[in-house]
Amino acid sequence: MHKAKFIAEVCSNHNKDLKRCLRFVDVAKILGCYAVKFQLFTIPNLYSNNAKKLYKKALKKRKRELPRKFIPAISNYCKKKKIKFCCTPFDIDSVNFLKPYVDFFKIASYELLWSDLLKSCSKTKKPILLSTGMANFSEVKKAVKVLKKNNCKKIELLHCVSNYPANISSCNLKSIDFMKNFFNCDVGWSDHTVNPLIIYSAIRNHNADLIEFHLDLDGKGWEHKSGNHCWLPHEIKEVIEFIEKEKKVDGSYKKNFSKEEKKERILRADPLDGLRPLRRVRKNF
């Protein structure tokens, strides 16, 4: 089966607690994730105050902001645990701040149109992971062009459906195949469905190179409480373990039956009278 790298998205489930942040790193490593991803934003730099109703509503979510002072500690802990540290910047100042700490940048779907942010991330010479939620093809193509023009050496894309949770009928996983062929780069799936079959299909049927999923530790994360798009560790663990073991599950046709079935074979119906067990062993039962 095609090998995919898993990325654990912490979003706002850190609950502004550094120990909890580091616990996310631990859990992501235990799950076998390639990377753990955080978000760095401040509400005043995220929403326009001219959109008065939206801005007022957004201000109530200021507690969801990740404190900048946490970033060095998270970065160092990721190095210690040998897991990649990624962060999404939502303004240009955050790009400059994050540059010494991250292994790669993630650009969120909502920021895909902002060329200046794309340029700033590109100029750091860090790899960039770009989500494509809500974007049409021409917008994705333009964003990739901006990244390449500004000397981004490694671009990876994440097909994404920006609903929380996303409806499985809207997933359109064939977009992964299309973008892999057109852009000739790694393409993955950013999951908002919390549906194991969607992740399985993205990897098995569409050769997704990456899987990003929203993770919570215990159901107490701020973002977990506000929607049904976050996986709990035991849920995603089953998915990752099955995918890793699928080669063993598929097996081969070299053997006609499994070792475990051997003792059951004598309990089958006999071909002469249709009764169980086989005639040659009936006296033993």
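The values are calculated or read from the model by the stated rules, or taken from the named source; none is laboratory data. What you see is a predicted model; the values in this text were computed from it and never measured. We place every Cβ from the backbone using ideal geometry, glycine too, and count neighbours over all the protein chains shown.
Values computed for the structure shown
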{"read-out": "Given (1) in contact (Cβ under 8 Å) with a residue 24 or more places away in the chain; (2) more than 16 Å from the chain's Cα centre (by Cα); (3) under 29 Å from Asp177 (Cα atoms), number of the condition Lys220 does not satisfy", "value": "(3)"}
{"read-out": "Helices (runs of 4 or more DSSP H) within the stretch 35-105 that include 2 or more residues within 22 Å of the chain's Cα centre (by Cα) and closer than 13 Å to Val10 by Cβ", "value": "71-81"}
{"read-out": "Every residue from the stretch 206-226 that is over 23 Å from Asn184 (Cα atoms), of a type in the set (A, V, I, L, M, F, W, C) and buried (at least 23 other Cβ atoms within 10 Å of the Cβ)", "value": "Phe213, Leu215"}
{"read-out": "Pairs, first over 18 Å from Leu130 (Cβ atoms) and at pLDDT below 95 in the stretch 80-94, second crowded, with 22+ Cβ neighbours inside 10 Å and of a type in the set (Lys, Arg), C-beta under 7 Å, six or more apart", "value": "none"}
{"read-out": "Test: residue in the stretch 40-47 that is surrounded by 17 or more Cβ atoms within 10 Å (Cβ to Cβ) and in contact with a Pro (Cβ under 9 Å, 6 or more places away or on another chain)", "value": "yes"}
{"read-out": "Failed item, numbered, when Ser201 is tested on (1) closer than 30 Å to Met179 by Cα; (2) of a type in the set (Ser, Thr, Tyr); (3) not assigned by TED's automatic domain parsing to the domain that holds Leu129", "value": "(3)"}
{"read-out": "Answer from Ile128, Ile83, Ile30, Ile71 - the residue that is of a type in the set (Val, Ile, Thr), over 20 Å from Gly188 (Cα atoms) and crowded, with 16+ Cβ neighbours inside 10 Å", "value": "Ile71"}
{"read-out": "Only listed residue being assigned by TED's automatic domain parsing to the domain that holds Asp216 and closer than 21 Å to Lys154 by Cβ, chosen from Val36, Val27", "value": "Val36"}
{"read-out": "Residues of the stretch 221-269 satisfying the condition of being under 30 Å from Leu18 (Cβ atoms) and among the hydrophobic types (A, V, I, L, M, F, W, C)", "value": "Trp222, Cys230, Trp231, Leu232, Ile236, Val239, Ile240"}
{"read-out": "Residues satisfying the stated conditions in the stretch 227-268, i.e. small (Gly, Ala, Ser) and either touching a residue at least 24 places away in the same chain (Cβ under 8 Å) or surrounded by 18 or more Cβ atoms within 10 Å (Cβ to Cβ) (or both)", "value": "Gly227"}
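Condition check ((1) part of a helix (DSSP H, G or I); (2) within 19 Å of the chain's Cα centre (by Cα); (3) under 21 Å from Phe41 (Cβ atoms); (4) in the same structural domain as Val10 (by TED's automatic domain parsing)) across all residues:
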| position | (1), (2), (3), (4) |
| --- | --- |
| Lys119 | yes, no, yes, yes |
| Lys145 | yes, no, no, yes |
| Leu157 | no, yes, no, yes |
| Ile176 | yes, yes, no, yes |
| Ile211 | no, yes, no, yes |
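Conditions tested, residue by residue: (1) in contact with a Pro (Cβ under 9 Å, 6 or more places away or on another chain); (2) assigned to a helix (DSSP H, G or I); (3) within 21 Å of Ala166 (Cβ to Cβ).
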position	(1), (2), (3)
Asn228	yes, no, yes
Glu244	no, yes, no
Lys247	no, yes, no
Asn256	no, no, no
Glu261	no, yes, no
Glu264	no, yes, no
